[in-house]
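The values are calculated or read from the model by the stated rules, or taken from the named source; none is laboratory data. From a predicted model like this one, the values you see are computed outputs, not experimental measurements. Note that we place each Cβ from the backbone using ideal geometry, even for glycine, and neighbour counts take in every protein chain shown.
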Amino acid sequence: MFIHVMKSKLHRVKITQAELNYVGSVTIDEDLMDAANLIENEKVQIVNNNNGERFETYVITGERGSGTVCLNGAAARRAQVGDIVIIIAYGIMTPEEAKEHKPNLVFPDSNNRLV
């Protein structure tokens, strides 16, 4: 049996842009991606602390050091610029692997910069 376990989390990042007329995804600063061990095209869940929305999309690499967290396409309807979100990626593993697994937890500052 396999279970879904949190692999990575960007905790309380701020939405910096919302681009409705774009192919759906979330663009994330490459520094944040590296810190959370996220890769381009990886599926993520986004939880909006401002309105309670929860949705899934995939990651696009953003400009390194920019602090960008941009919702694209339909996802842009789920949050406003300035909303605080949590971005979570999950891995599939055995219960034995999950007991040893240590997720990458990232707590950026209020400008989406690593501290």
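General remarks:
- Of all positions in region 63-74, none carries a residue that is assigned to a strand (DSSP E or B), under 21 Å from V115 (Cβ atoms), hydroxyl-bearing (S, T, Y) and at pLDDT 95 or above.
- When region 1-33 is filtered for residues that are over 15 Å from the mean Cα position of the chain (by Cα) and surrounded by fewer than 16 Cβ atoms within 10 Å (Cβ to Cβ), the ones remaining, listed by number, are M1, F2, I3, H4, E19, L20, N21, V23.
- Count of region 59-81 residues, restricted to those that are crowded, with 17+ Cβ neighbours inside 10 Å and of a type outside the set (A, V, I, L, M, F, W, C), is 6.
- Yes/no for K7 being modelled with pLDDT of 95 or more and more than 23 Å from Q80 (Cα to Cα): yes
- Given (1) in contact with a His (Cβ under 9 Å, 6 or more places away or on another chain); (2) under 16 Å from K9 (Cα atoms), number of the condition M93 does not satisfy: (2)
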